[in-house]
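A.B. asks: Got a structure for you, written out below as C-alpha cells; questions coming shortly.
The values are calculated or read from the model by the stated rules, or taken from the named source; none is laboratory data. Keep in mind the model is a prediction, meaning the values are calculated, not measured. A quick note on method: Cβ atoms are made from the backbone with ideal geometry, for glycine too, and the neighbour counts reach across all protein chains shown.
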Amino acid sequence: MKYLIISILLISQAIASIDNIKSFEADFTQTITDDKDKVLLYSGHVQASKPQFAKWSYKKPVDKEIYISPFIVTIVEPEIEQVIQRKVESNFNFFQMVRNAKKIEENTYEARYKNSIFTIIKDKDLIKSISYIDEFENDVIMTFENQKQNHKIPLEVFTPKYPLYFDIVRD
C-alpha cells in the first residue's frame, strides 16, 4: 500500500512536472502483472493539479476514489463503506525528483525514488504511460487516454466526499 500511495503521488506529480504542465486530466487504465503472469486490470479517471493535488476515481473493477493533498491521502471505498486516511511524508519533493528525470531515449524518461525506477513515456507533449515495479515485484503500467492539460480544475474537486456514516481509519 505504501508504494501504491507513493506511485500515485509520483504519477500525479510526474504528470504535473514534465514540460511545465500545471494540471492534467485523463482516463486511465492500470495493468498489474505478477510473477506468474496473472493480470489485474483497473480503469477510471484522474485529475491532478499543482502543487500536489490529485483525485483518482477508479471505476472498474470496483468504485474507489483516492484524494491526494500535500500532507494526506484519503481513500474512499463505497462498497465497504470505509475511508482510509494516511499522512504523507512532507519532506519528499516529488517535483524535484521528476524534474530530475533523465531522458533515456526519444519520448522516454526515467525518474527514481528509493529503489524504484519509474519510466515515463510521452507522445508529443502528453504523458502516454508510466510504468514501474511495485513493492511486491509486480509490473505496473498506467496508460492515459483523452488527456487534457493546463486547464483550470477547481480545488473543490480534491476535497474528499463521503457519507458521514462511513467508517474512518487513520494511519
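A.B. asks: Restricting to the range 65-82, name every residue that is farther than 20 Å from Tyr42 by Cβ and either of a type in the set (D, E, K, R) or without any contact (Cβ under 8 Å) to a residue 60 or more places away in the chain (or both).
C.D. replies: Pro70, Phe71, Ile72, Glu81
One line per residue, one yes/no per condition, for (1) at pLDDT 95 or above; (2) on the phi > 0 side of the Ramachandran plot:
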{"site": "Leu4", "(1), (2)": "no, no"}
{"site": "Ile15", "(1), (2)": "no, no"}
{"site": "Ser23", "(1), (2)": "no, no"}
{"site": "Phe28", "(1), (2)": "yes, no"}
{"site": "Asp37", "(1), (2)": "yes, yes"}
{"site": "Pro70", "(1), (2)": "no, no"}
{"site": "Pro78", "(1), (2)": "yes, no"}
{"site": "Val88", "(1), (2)": "no, no"}
{"site": "Lys102", "(1), (2)": "no, no"}
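A.B. asks: Anything in the range 117-146 that is farther than 15 Å from Gln30 by Cβ and either surrounded by fewer than 15 Cβ atoms within 10 Å (Cβ to Cβ) or of a type in the set (D, E, K, R) (or both)? List them, or say none.
C.D. replies: Residues satisfying the conditions are Ile117, Lys122, Asp123, Lys124, Asp125, Glu135, Glu137, Asn146.
A.B. asks: While we're on this one: Of these, Ile130, Ile66, Ile121, which one is closer than 27 Å to Lys36 by Cβ, out of contact with any helix residue (DSSP H, G or I) (no Cβ under 7 Å at 6 or more places or on another chain) and either at pLDDT 95 or above or not charged (D, E, K, R) (or both)?
C.D. replies: Residue meeting the stated conditions: Ile121.
A.B. asks: A follow-up question, please. Take the residues in the range 17-63 that are in contact (Cβ under 8 Å) with a residue 60 or more places away in the chain, not β-branched (Val, Ile, Thr) and not in a strand (DSSP E or B), then tell me which one is farthest from Asp139 (Cα to Cα).
C.D. replies: Lys22
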